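Trainee: I am attaching a structure below and will ask some questions about it afterwards.
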There are 2 protein chains.
Amino acid sequence: MQLVECVPNFSEGRRQIVIDAIRRAAETVPDVTVLDVHSDGVHNRTVLTFVGSPAAAAEAAFRCTERAAALIDMREQRGEHPRIGATDVIPFVPVWGVDMNDCVALANQLGERVGLELQIPVYLYAEAARRPERRWLPTVRKGQYEGLQELIRTEPDRAPDFGPARLGPAGATAIGARPFLVAYNVNLACADLQLARDIARTVRESGGGLPAVQARGMATSEPDVVQVSLNLLDTSVTPLHVVFGEIRSLARANGVEIQDSEVVGLLPLDVLLATTVQHVKAFELRREHILEARLLAALSERREAPPA
Amino acid sequence: MQLVECVPNFSEGRRQIVIDAIRRAAETVPDVTVLDVHSDGVHNRTVLTFVGSPAAAAEAAFRCTERAAALIDMREQRGEHPRIGATDVIPFVPVWGVDMNDCVALANQLGERVGLELQIPVYLYAEAARRPERRWLPTVRKGQYEGLQELIRTEPDRAPDFGPARLGPAGATAIGARPFLVAYNVNLACADLQLARDIARTVRESGGGLPAVQARGMATSEPDVVQVSLNLLDTSVTPLHVVFGEIRSLARANGVEIQDSEVVGLLPLDVLLATTVQHVKAFELRREHILEARLLAALSERREAPPA
């Protein structure tokens, strides 16, 4: 079995009828399973999460992009979240039986098709980036929808990788490949927002901290709890339990304990495995020893077998 | 989807042709997946692990038992491991979408069929036991194959739950239901076998220690490492990380550190989850947040859907 996850972000988080139509466009592809739909009205943005075979996931992503282009007019779209198009970003994530190279190839195929058939400018980003600066999504989004047309005209560096060099009402789309992203919050049992901010600055990669970690300090709805809110961009590089341990050390150095931590969205089995290996020193424990991983492998083999 | 695990133990660990034949008997049932076959020549015993729907697992267990009865003659069988029959024990384990009651019902159905169709005496044990003393397998095995016929004759308490009150060359079989069993070893960085034995005695349930834990102290192949070898009979009652923590405390009280730990066989996702919840204080983390658990649910739903 080959499975990729696809997590397209659409610039619509308010009109439920539009959100539903985009979701249904993905579901029309056999062999695609929608795992999650998360909409935010303030951001005016919807994050759709689905899995499927590489070909099925690419087809579903194409149909969603086509639908979003028909239903979202960027000339009128307003929201808190930065974006360049109706379908703002489409990342492919290796999940089962595929590697990053497969997902980069998939991003290229989909990019070419979206550029050609939908006439939408496409930027390859993250692991699929052809220019080093496009590995980082904020660079690709610079100027946003409103400024991008002028930037394409004046800066050769901003030419899309596929599609026309002009923006229609659907704007542009970033398509790429990346590891599974874990959204993770660590709550500190104190009211000191500055401490959360300081710790965030220390642990994040951009501050010279842990690789593949983004972090910021935030208040929470509880007055006596502050939060370090993180994106773990590659838990094979910096495991979740390492991030937790580092934040605990920094907090304790200031006499503060960790209240609890929380995962937003989905967490891969490998994160649980790495944490367990560390906690009980089970250094030989592998994915193949986990009952559910065996079941998944067995079920998927059976699905691929010709009917008896 | 409904999945049970079945882990029958056969009194043959030497003749590969017999082991293969028993395995193949299970594999002839569509919808059954053999996960593991483990044979031990000294014990003269084979442990077969397979999963399937409840009906498929029961059918596979029946076919294995029939095959073993034809190929293993208990009048000639010798080995280190205690046993009462060619198919010594058949436990059903709830894995997915079934509970313990379903597995108890399955043990009853299979027990009745084995007793009637194969004319083998059957004892219901563990969660399926109808007499309290039969919850514990060693009670059921008391006297072993060689002594059981006489015990059935003289002690009314030893009457089988199904089948004839006399033993043929296939002996008797214990059939039951139990939680997933985790075989777990904790290695201590010291040469003090007595310490391993003392810790084992302290942590095991029979010594007034942790519930649902069996333990014994053992030497290892490394002279400077001793082992506490455990069976965790129900990790929802005593989680693996609690066992580890308890042994670590007891070892440290004697100035000894844990070298490492190891899982023998398969480990359920829930054990990883409980360990991670504890380690990073992610108190809200549930099975539904784990990507692979979602995939398994989605794949199994799709298998059950009528073809489009």
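The values are calculated or read from the model by the stated rules, or taken from the named source; none is laboratory data. Quick caveat: nothing in here was measured; it's all calculated off a predicted structure. Positions of Cβ are backbone-derived with ideal geometry, glycine not excepted, and every protein chain shown enters the neighbour counts.
Trainee: Please go through segment B:227-247 and give me each residue that is out of contact with any Lys or Arg (no Cβ under 9 Å at 6 or more places or on another chain) and either outside any strand (DSSP E or B) or of a type in the set (D, E, K, R) (or both), ordered by number.
Mentor: Across segment B:227-247, the qualifying residues are B:Thr235, B:Ser236, B:Val237, B:Thr238, B:Pro239, B:Leu240, B:His241, B:Val242, B:Val243, B:Gly245, B:Glu246, B:Ile247.
Trainee: Within segment B:192-226, track down each residue that is within 17 Å of B:Gly245 (Cβ to Cβ) and in a loop (DSSP other than H, G, I, E, B).
Mentor: If the condition is that a residue be within 17 Å of B:Gly245 (Cβ to Cβ) and in a loop (DSSP other than H, G, I, E, B), then B:Arg204, B:Gly209, B:Leu210, B:Pro211, B:Ala212 are the ones that fit.
Trainee: Would you check if there is a residue in segment B:50-71 being farther than 30 Å from B:Ala293 by Cβ and in a loop (DSSP other than H, G, I, E, B)?
Mentor: There is no residue in segment B:50-71 that is farther than 30 Å from B:Ala293 by Cβ and in a loop (DSSP other than H, G, I, E, B).
Trainee: Among the numbered criteria (1) free of Cβ contacts under 8 Å to residues at least 40 places away in the same chain; (2) more than 16 Å from the chain's Cα centre (by Cα); (3) surrounded by fewer than 17 Cβ atoms within 10 Å (Cβ to Cβ), which single criterion is violated by B:Trp136?
Mentor: (2)
Trainee: Quick one: A:Leu210 ticks every box in (1) crowded, with 19+ Cβ neighbours inside 10 Å; (2) touching a strand residue (DSSP E or B) at 6+ places or on another chain (Cβ under 8 Å) except a single one, so which number is it?
Mentor: Against the list (1) crowded, with 19+ Cβ neighbours inside 10 Å; (2) touching a strand residue (DSSP E or B) at 6+ places or on another chain (Cβ under 8 Å), A:Leu210 comes up short only on (2).
Trainee: Report, by residue number, each residue of segment A:159-191 that is crowded, with 17+ Cβ neighbours inside 10 Å, more than 17 Å from the chain's Cα centre (by Cα) and in a loop (DSSP other than H, G, I, E, B).
Mentor: Answer for segment A:159-191, where residues must be crowded, with 17+ Cβ neighbours inside 10 Å, more than 17 Å from the chain's Cα centre (by Cα) and in a loop (DSSP other than H, G, I, E, B): A:Pro160, A:Asp161, A:Gly163, A:Leu167, A:Gly168, A:Ala170, A:Ala172, A:Cys190.
Trainee: Moving on. Just the residues that are of a type in the set (Val, Ile, Thr), modelled with pLDDT of 95 or more and in a strand (DSSP E or B), please, taken from segment A:76-101.
Mentor: A:Thr87, A:Val89, A:Ile90, A:Val93
Trainee: Here is a follow-up. For segment B:215-234, state whether one or more residues are among the basic types (Lys, Arg) and at the interface with chain A (Cβ under 7 Å from one of its Cβ atoms).
Mentor: Checked segment B:215-234: no residue is among the basic types (Lys, Arg) and at the interface with chain A (Cβ under 7 Å from one of its Cβ atoms).
Trainee: Among all residue pairs at least 6 apart or on different chains, which show Cβ distances below 6 Å where the first residue, located in segment A:108-124, is in a helix (DSSP H, G or I) and the second is at pLDDT 95 or above and small (Gly, Ala, Ser)?
Mentor: Cβ pairs passing all conditions: A:Leu110/A:Ala58; A:Leu110/A:Ala61; A:Gly115/A:Gly163.
Trainee: Something else now. So which pairs qualify, if the first residue must be in segment B:291-308 and in a helix (DSSP H, G or I) and modelled with pLDDT of 85 or more, the second must be basic (Lys, Arg) and surrounded by 11 or more Cβ atoms within 10 Å (Cβ to Cβ), the Cβ gap must be under 6 Å, and the two must be at least 6 apart or on different chains?
Mentor: B:Ala293/B:Arg287
Trainee: If you don't mind, another one. Do we have B:Asp73 as in contact with a Lys or Arg (Cβ under 8 Å, 6 or more places away or on another chain), modelled with pLDDT of 95 or more and of a type in the set (Asp, Glu) here?
Mentor: No.
Trainee: Please go through segment B:16-45 and give me each residue that is modelled with pLDDT of 95 or more and either over 24 Å from B:Glu80 (Cα atoms) or of a type in the set (S, T, N, Q) (or both), ordered by number.
Mentor: Residues satisfying the conditions are B:Gln16, B:Arg24, B:Ala25, B:Ala26, B:Glu27, B:Thr28, B:Val29.
Trainee: Can you name every residue in segment A:35-68 that is hydrophobic (A, V, I, L, M, F, W, C) and surrounded by fewer than 17 Cβ atoms within 10 Å (Cβ to Cβ)?
Mentor: If the condition is that a residue be hydrophobic (A, V, I, L, M, F, W, C) and surrounded by fewer than 17 Cβ atoms within 10 Å (Cβ to Cβ), then A:Val37, A:Val42, A:Ala55 are the ones that fit.
Trainee: Condition (residue is more than 14 Å from chain B (Cβ to nearest Cβ), of a type in the set (Val, Ile, Thr), in contact with a Ser or Thr (Cβ under 9 Å, 6 or more places away or on another chain) and within 17 Å of A:Pro169 (Cβ to Cβ)) applied to segment A:48-69: is it met by at least one residue?
Mentor: yes
Trainee: From the list B:Pro160, B:Pro179, which residue is out of contact with any strand residue (DSSP E or B) (no Cβ under 6 Å at 6 or more places or on another chain) and within 29 Å of B:Glu5 (Cβ to Cβ)?
Mentor: Going through B:Pro160, B:Pro179 in turn, the sole match is B:Pro179.
Trainee: Taking into account only those residues within segment B:220-235 that are over 15 Å from B:Tyr184 (Cα atoms) and not polar (S, T, N, Q), which is surrounded by the most Cβ atoms within 10 Å (Cβ to Cβ)?
Mentor: The qualifying residue surrounded by the most Cβ atoms within 10 Å (Cβ to Cβ) is B:Val225.
Trainee: Assuming A:Leu273 fulfils every condition listed in (1) touching a strand residue (DSSP E or B) at 6+ places or on another chain (Cβ under 8 Å); (2) at pLDDT 95 or above; (3) more than 30 Å from B:Val34 (Cβ to Cβ) apart from one, which condition is it?
Mentor: Every listed condition holds for A:Leu273 apart from (3).
Trainee: Separate question: Of all residues in segment A:10-30, which are loosely packed, with under 15 Cβ neighbours inside 10 Å, out of contact with any Ser or Thr (no Cβ under 9 Å at 6 or more places or on another chain) and not acidic (Asp, Glu)?
Mentor: Passing the criteria: A:Ile17, A:Arg24, A:Thr28, A:Pro30.
Trainee: Just one of (1) closer than 27 Å to B:Ser300 by Cα; (2) not in a helix (DSSP H, G or I) trips up A:Ile19, so point out which.
Mentor: The number of the failed condition is (2).
Trainee: Please determine, by comparing only the residues of segment A:243-297 that are polar (S, T, N, Q) and surrounded by fewer than 19 Cβ atoms within 10 Å (Cβ to Cβ), which one is nearest to the other protein chains (Cβ to nearest Cβ).
Mentor: Of everything passing the filter in segment A:243-297, A:Gln278 is nearest to the other protein chains (Cβ to nearest Cβ).
Trainee: Take segment A:14-37 and flag every residue that is closer than 13 Å to A:Ala61 by Cβ, touching a Lys or Arg at 6+ places or on another chain (Cβ under 9 Å), among the aliphatic types (A, V, I, L, M) and within 14 Å of another protein chain (Cβ to nearest Cβ).
Mentor: Of everything in segment A:14-37, those that are closer than 13 Å to A:Ala61 by Cβ, touching a Lys or Arg at 6+ places or on another chain (Cβ under 9 Å), among the aliphatic types (A, V, I, L, M) and within 14 Å of another protein chain (Cβ to nearest Cβ) turn out to be A:Ala26, A:Val29, A:Val34.
Trainee: Please state which one of A:Arg197, A:Arg216 is in contact with a helix residue (DSSP H, G or I) (Cβ under 8 Å, 6 or more places away or on another chain) and over 30 Å from A:Gln149 (Cβ atoms).
Mentor: Unique residue meeting the criteria: A:Arg216.
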